[in-house]
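Worksheet for the structure shown next.
The values are calculated or read from the model by the stated rules, or taken from the named source; none is laboratory data. Predicted model, so just to flag it, every value in this text is computed and none were measured. Positions of Cβ are generated from backbone atoms using ideal geometry, with glycine treated the same way; all protein chains shown enter the neighbour counts. Quick note on the areas: whole protein, heavy atoms, side chains included, nothing else; ligands and nucleic acids left out. Shrake-Rupley method; radii C 1.70, N 1.55, O 1.52, S 1.80 Å.
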Amino acid sequence: SIAGTMFRLPWRAASPLIARSRIRAFSAAPTELRVERLVEPHAGVTIVTLDRPAARNSLGKNLLGELQDAVAALHHDRETRVVIFNSAVEKVFCAGADLKERATMPEEEVGPFVERLRATFTAIEQLPMPTIAAIEGAALGGGLELALGCDLRVAGNKAVLGVPETSLAIIPGAGGTQRLPRLIGLGRAKELMFTADRIGSERAEEIGLVNYAVEGGTATDRALDIAARIAKNGPIAVRLAKKAASAGMQADISTGMDIERGCYAQVITTKDRLEGLAAFREKRAPNYTCE
């Protein structure tokens with residue numbers, strides 16, 4: 001099971017396909033996030049679903065708190081091999097920060113709240129297992145910044161993506177000014193930020209903002225397909241490949257090589273490495289146990 005620092009998620013069977021648990025909210029507010037651990041044929045995949053229809057999944061205090069708790073729990077989970085973030089709300093992935101709630105905040109609370117957003121998306125980025133954002137509908141402002149914290153992104157053909165903060169006389173403040181240029185290049189990122197333009201999934205795929213533009217309603221299906229291809233591989237190796245690539249990209253190539261060397265050293269002593277060699281020799285599928 002997933003064990004967080006504050007609570008334990010009691011996974012229970014909800015159907016023959018899905019084991020489901022709802023994150024406990026630490027307030028009287030209704031739950032706005034679902035966490036589902038899948039079983040065969042998608043064992044090893046956990047789906048985190050935003051479900052705040054009344055506010056188009058905008059990130060208010062309650063939803064952000066639930067997201068923080070879920071990510072903290074997943075960070076220590078050895079059973080989950082891939083995490084998919086998606087939405088239960090039609091026509092929207094995440095509309096960004098809850099501006100109605102923001103308008104009622106005292107000025108001195110705005111900075112700390114944005115810092116919580118920034119820290120949460122960084123925690124998503126730093127999850128040890130691969131993460132995929134399955135985007136249907138709007139992913140704007142903080143919604144796109146959430147997706148930028150993921151390793152991969154898939155967008156349905158009705159998706160609308162952008163960082164429109166400058167049209168509100170603010171800037172992307174939850175990692176967008178840093179992650180977007182690193183992903184699509186400085187010039188294209190500046191154009192999106194300066195103009196506040198919104199783009200569709202095909203253009204997003206062209207510039208590398210998403211990995212795949214797919215038919216509407218199939219983003220989670222494509223994410224599950226990718227997740228299955230990841231989950232069959234050695235989980236320790238996948239995690240260390242992520243660590244080496246992500247950390248190495250923040251350093252010069254010489255330092256990156258040192259990071260790769262250290263990560264490779266960690267896979268040499270694993271049982272999974274020996275299992276991979278044995279499976280190759282015996283011409284069978286490997287049975288990796290994350291050891």
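Residue-by-condition table, conditions (1) under 16 Å from residue 130 (Cα atoms); (2) hydroxyl-bearing (Ser, Thr, Tyr); (3) surrounded by fewer than 17 Cβ atoms within 10 Å (Cβ to Cβ):
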| residue | (1), (2), (3) |
| --- | --- |
| 236 | yes, no, no |
| 239 | yes, no, no |
| 246 | yes, yes, yes |
| 253 | no, no, yes |
| 261 | no, no, yes |
| 266 | no, no, yes |
| 271 | no, no, yes |
| 275 | no, no, yes |
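Do the conditions hold for residue 81, that is, is it of a type in the set (Lys, Arg) and under 23 Å from residue 201 (Cβ atoms)? Judged against the criteria, residue 81 is not a match. Counting only helices (runs of 4 or more DSSP H) that sit wholly inside segment 59-158, those with at least 1 residues that are modelled with pLDDT of 95 or more are 61-75, 107-125, 142-148. Scanning segment 231-288 for residues that are β-branched (Val, Ile, Thr) and farther than 20 Å from residue 44 by Cβ returns 253, 255, 259, 268, 269.
Any idea which of 165, 136, 145 is buried (at least 22 other Cβ atoms within 10 Å of the Cβ), of a type in the set (D, E, K, R), touching a Ser or Thr at 6+ places or on another chain (Cβ under 9 Å) and closer than 19 Å to residue 92 by Cβ? So the residue among 165, 136, 145 that is buried (at least 22 other Cβ atoms within 10 Å of the Cβ), of a type in the set (D, E, K, R), touching a Ser or Thr at 6+ places or on another chain (Cβ under 9 Å) and closer than 19 Å to residue 92 by Cβ is 136.
Selection of first residues in segment 75-93 that are free of Cβ contacts under 8 Å to residues at least 60 places away in the same chain and of second residues that are of a type in the set (Lys, Arg), restricted to Cβ pairs under 6 Å at least 6 apart or on distinct chains, gives the following pairs, ordered by first then second residue: 92/56. For segment 61-104, the set of residues classified as of a type in the set (Gly, Ala, Ser), closer than 20 Å to residue 144 by Cβ and open to solvent by 10 Å² or more (accessible area, probe 1.4 Å) consists of 87, 88, 95, 97, listed by residue number.
Checking the stated criteria, residue 212 turns out not to satisfy the condition of being out of contact with any strand residue (DSSP E or B) (no Cβ under 6 Å at 6 or more places or on another chain), of a type in the set (Ser, Thr, Tyr) and open to solvent by 20 Å² or more (accessible area, probe 1.4 Å).
Selection of segment 197-233 for residues being in a helix (DSSP H, G or I), under 19 Å from the mean Cα position of the chain (by Cα) and farther than 26 Å from residue 79 by Cα yields 201, 204, 205.
Residues in segment 45-60 that are in contact (Cβ under 8 Å) with a residue 60 or more places away in the chain and within 17 Å of residue 150 (Cβ to Cβ): 4 in all. Filtering segment 165-177 to residues that are assigned to a helix (DSSP H, G or I) and either under 24 Å from residue 126 (Cβ atoms) or in contact with a Leu (Cβ under 6 Å, 6 or more places away or on another chain) (or both) leaves 165, 176, 177.
Please enumerate the residues belonging to segment 220-234 that are basic (Lys, Arg) and surrounded by fewer than 16 Cβ atoms within 10 Å (Cβ to Cβ).
Taking segment 220-234 and keeping what is basic (Lys, Arg), we get 222, 229, 232.
Selection gives 229, 232.
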